[in-house]
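> I have a structure here, written as structure tokens, and I will follow up with some questions on it.
What follows is calculated from the coordinates using simple rules that are stated; it is not laboratory data. Not measured: the values here are computed from a predicted model. Counting neighbours? That spans all protein chains shown, and the Cβs are built from the backbone with ideal geometry, glycine included.
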Amino acid sequence: MNTPQRRAVLAALLALLAAGCATQRGDPLARIEHVVVIYAENRSFDHLYGLFPGAEGIAQASAEQKTQLDHDGTPLPHLPPVYDHGKPSAKFAQKLPNGPFRIDAPPVNGRMDEVLPSPWHLYYQNIEQINGGRNNQFAAMSNVGGWVMGYFDGSKMKLWQWAREYTLADHFFQAAFGGSYLNHQWLVCACTPADPGAPAGARAQLEADGKLKKRPNSPKSVLQGPPAVFDGRASPDGFLVNTSQPAYQPSGIPPAAAGSPELADPARSPAPAFRERTIGDTLSAKGVAWIWYSGAWNAANADGKRDPKARRAVIYNRDPGSPIFQPHHQPFNYYARFAPGTPDRARHLKDLADLERDIAQGTLPQVAFYKPAGRVNEHPSYTDLASGDEHLHDLLTRLRNSPQWPKMAVIVTYDENGGFWDHMPPPTGPGWGDRWGPGTRIPALIISPHARRGHVDKTPYDTTSILKFITRRFGLEPLPGVRARAGDLSQAFE
């Protein structure tokens, strides 16, 4: 081998070594040995942080972004009523001015500690609401009319104070259009899994322009009622874009009988077992310890194995005392690698009680994800904002008191906007926009002894930035769906 060849081989080996190593010496992320990701539910940035000092909030919204349009493209004379099951609700003020309004102020007088309406948060509806970045069809493409334009004075929240102390990202977008199921998948695989066998009735019907086909009885104006559309959990070509249930228990589809892992009715067509590559795969391949912790995971597993006539005391149950476990918020439970009975399931899917113990004992893995149960995840319609805020504040306090805190970074964000309006256009163009997103802007807090203090980070991010951050820190193989131009959160650190 001659000298040029030896140099080429040496350069290749050095490149491979650099690619396989964790963060290089001098990289500020090298100081971080533990990453904790907390994934709350269904709030847009303007909905909670639109009044945050130094952030791009409601005051920066243009008249075009504030003024909502009807289905025919004309400005609404006022906001539609707040609809409840398709009918105007007498509990809320009527004919509010066309634009954003304070929920916790007259004439609405809503409270953070009450359960309030939940707008649609669906894939095709979110695309139409964004309307090419104008964000002016949120009210028209919603089941709750004008409620989507409501926001809170978030300074009353405890999380607001954490944001003031550490870093708040005000250009952070949900990775995918639509709802919880899809954005949980994008958090772990940066992908939209498919179900080639999804029946026709489960597939959305679209017009030639790509918008949802409206049913014959759909009102011509949102002032007359919410739209009626031919929607489904799958796209016309079989990608699962809306809520789909896992084939594994705990699932929203009950088992056949007590103790049976089989599904009661295969015709209901849960999602097939997914085999896409996830962040769990890349972490395990590198030998990096990780766990997905879930509120009520143990209880939901037990409930999911009960006879259908006796179960659902935990899963989707909203009775007082129920944790309201949501199976479609558990992305790894969709993957064959984590099927019941597998070693990876036992190793990587744990309960909140395990998280609290690991925090207290200083035994958190290198990467931890935490999904709160429905009772405290801030999702409208089945819980309130204040309960989740208190729960996350308590958890952050525990983390800050943990012996692992000096080398920890915590990312608190939301799966998606919950159908609530936000004025900022999602980024588009090469390296950013694709068929799946990004969708609406959401809050994201970076809390760490190494984070910038009292900082508003204006770097463009989306949910895949979390994957990019973890991948960079631990020298992982990148997942192909991660957006090339999304930041890796490093700008949030000193």
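> Could you tell me the largest-minus-smallest coordinate of the C-alpha atoms of segment 341-449 on each of the three principal axes, in descending order and whole angstroms?
On the principal axes, segment 341-449 reaches 44, 37, 33 Å in Cα extent.
> May I pose another question? Nearest-5 percent of antiparallel DSSP beta bridges in the chain?
DSSP beta bridges in the chain are roughly 40 percent antiparallel.
> Once you put a point 7 Å from the Cα of N317 and another 7 Å from the Cα of K87, both along the Cβ direction, what distance in nm separates them?
That separation, rounded to one decimal, is 2.9 nm.
> Something else about it: What is the spin-label model distance, in nm, from R452 to A273 if the labels are put 7 Å beyond Cα along the C-beta direction?
If labels sit at R452 and A273, their model points lie 4.6 nm apart.
> While we're on this one: By the gyration tensor of its Cα atoms, with a ≥ b ≥ c the square roots of the eigenvalues, what is the shape of segment 143-234: rounded for a/c under 1.5, prolate for a/b over b/c, or oblate?
Judged from the Cα gyration tensor, segment 143-234 comes out oblate (a/c at least 1.5, b/c at or above a/b).
> Right, here's the next one. Which percent of Cα-Cα pairs in segment 37-106 sits in each 10 Å bin, short to long?
16, 38, 36, 9, 0
> While we're on this one: Quick one: compute a quarter of the convex hull surface over the Cα atoms of the chain and quote it in nm².
Values: hull surface 101.4 nm².
With every direction weighted equally, the projected area is 25.3 nm².
> Right, next: Take every Cα-Cα pair in segment 437-494 and report what % of them are more than 18 Å apart.
Of the Cα pairs, 34 percent sit more than 18 Å apart.
> Past the 15 angstrom mark, what percentage of all C-alpha to C-alpha distances in segment 132-177 do you count?
Percentage above 15 Å: 66.
> Using a simple spin-label model with points 7 Å from Cα along the Cα→Cβ vector, what separation in nm is obtained for Q491 and E114?
It is 4.0 nm.
> Any chance you could run the full-extension gain for A339 through A208? It's 0.36 nm times the residue separation minus the Cα-Cα distance, nm to one decimal.
Extending this stretch completely gives an extra 43.2 nm.
> What are the lysines whose alpha-carbon lies under 28 Å from the alpha-carbon of K156, with same-chain residues fewer than 8 places away excluded?
By straight Cα distance, K156 reaches K66, K91, K95, K371, K458.
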